[in-house]
Amino acid sequence: MTVASDGAPPGPATSDPATSGRTLRPGSARGRSKGGDRTGDHTGGGGHGDGLLAAAFIAPALLGFLVFLLWPTLRGVYLSFTRYNLLTPAEWAGLDNYRRMVHDPIFWESLRVTVEYVVINIGVQTVAALCIAVLMQRLTNSSLLRSVVLTPYLVSNVVAGIVFLWILDTQIGIGNEILGALGFDHIAFLASEEWVVPSIAMINVWRHVGYTALLLFAGLQAIPGEVFEAARVDGAGELRMFRQISLPLLRPVLAVVLIMTVIGSFQVFDTVAVATTGPGGPANASNVLQLYIYDSAFGRFQFGYASAMSVALLAVLSVITIIQYRVTRAGETDLG
């Protein structure tokens with residue numbers, strides 16, 4: 001009789017031809033193989049259940065994407081090759097809508113106004129947001145301050161447009177009252193050809209700059225603090241650290257933010273529709289492309305032509321996004 005290592009007598013030995021005369025006891029690795037197989041089967045079943053659960057969570061978002069994004073896009077591309085007024089079936093027109101668009105002076109003027117708005121909005125918003133983000137990183141980590149900075153973004157574009165329409169009113173607006181108190185003449189911010197586009201841009205800068213600043217602030221927080229400490233040891237000042245450390249290392253985040261803000265700026269509509277008078281503002285000075293598309297579709301029922309302009313805008317945004325992504329190297333980082 002032999003005694004097991006734990007002091008208990010062993011059970012009866014079993015013989016297996018594959019073991020060439022060796023003895024195996026119940027509870028050995030081969031004796032447990034069936035149980036191990038059952039465990040593997042159980043794990044596989046759990047993985048299958050996890051896949052179904054993941055599909056259940058993804059399904060609503062996927063359905064929304066298909067119904068509200070993909071299908072309208074494909075439908076719009078089709079309608080851009082037709083004559084369609086919502087009351088009669090669509091009639092195939094080939095490239096007629098695109099030929100009309102190329103020779104339409106209002107389309108090109110609307111595109112010029114939109115580009116002017118985008119340049120002002122992106123330029124001012126990016127610089128202001130970057131300054132706010134750097135100040136928040138250098139001076140304070142207060143969550144309250146971040147909440148205050150983000151507050152304008154919680155206001156809808158329509159509400160912001162109405163509020164600034166009152167503030168910038170030529171006769172009773174508090175903005176012009178302040179200018180009058182300082183000895184300046186009243187300015188028709190939203191009723192003059194010279195001021196309407198910059199005024200609309202500033203309204204949207206006020207609303208979006210906090211959100212953009214928080215995105216950049218998050219990017220700055222990802223930069224290791226040791227980099228700034230080493231720069232301080234070498235005698236670098238705040239301006240030099242911003243120029244040679246913060247800005248280069250922030251480039252991937254800044255590139256993505258620029259891509260997002262450019263796309264959003266090209267789609268400006270509600271602020272212009274609410275804050276300006278008439279379908280295109282004073283002398284069509286604020287007739288941005290989205291407003292012209294809306295007027296062509298729902299004002300003149302030229303859905304085919306409006307769809308063609310929408311497809312053209314989609315193509316322009318796609319080209320701009322690709323160029324921005326490549327030029328700014330948004331997918332790369334300088335952090336080693």
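Model label sites at Ala54 and Arg243, defined 7 Å from Cα along the beta-carbon direction, differ in position by 4.9 nm. Here the stretch 187-245 and the stretch 65-124 have alpha carbon centers that stand 33 Å from each other. Length gained on full extension, Gln171 to Leu69, computed as 0.36 nm times the residue gap minus the Cα-Cα distance: 32.4 nm. In plain terms, if you count all Cα to Cα distances in the stretch 85-133 and split them into 5 Å steps from zero, the share in each step is 5, 16, 12, 13, 12, 12, 9, 8, 7, 5, 2 percent. The share of Cα pairs per 5 Å bin across the stretch 182-256, counted from zero up to the longest distance, runs 3, 13, 15, 14, 12, 10, 9, 9, 8, 5, 2 percent.
Give the peptides 67-73, 161-167 in descending order of average Cβ contacts within 10 Å, highest first.
Working: 67-73: 11.0, 161-167: 17.6.
The densest-packed peptide leads the list: 161-167, 67-73.
Less than 5 angstrom separates the built amide H of Arg83 from those of Glu91, Trp92, Ala93, all sequence-distant by 5 or more or on a different chain. Mean separation of Cα pairs under 8 Å and 6 or more residues apart, divided by the residue count, gives the stretch 40-133 a relative contact order of 12 percent. Extension gain, Leu314 to Arg232, is 24.9 nm, computed as 0.36 nm per intervening residue step minus the present C-alpha separation.
FYI, it's all coordinate maths here, none of it is from the lab. Quantities reported herein were computed from a predicted structural model and do not represent experimental measurements. Here Cβ is always computed from backbone atoms with ideal geometry, including for glycine, and neighbour counts include all displayed protein chains.
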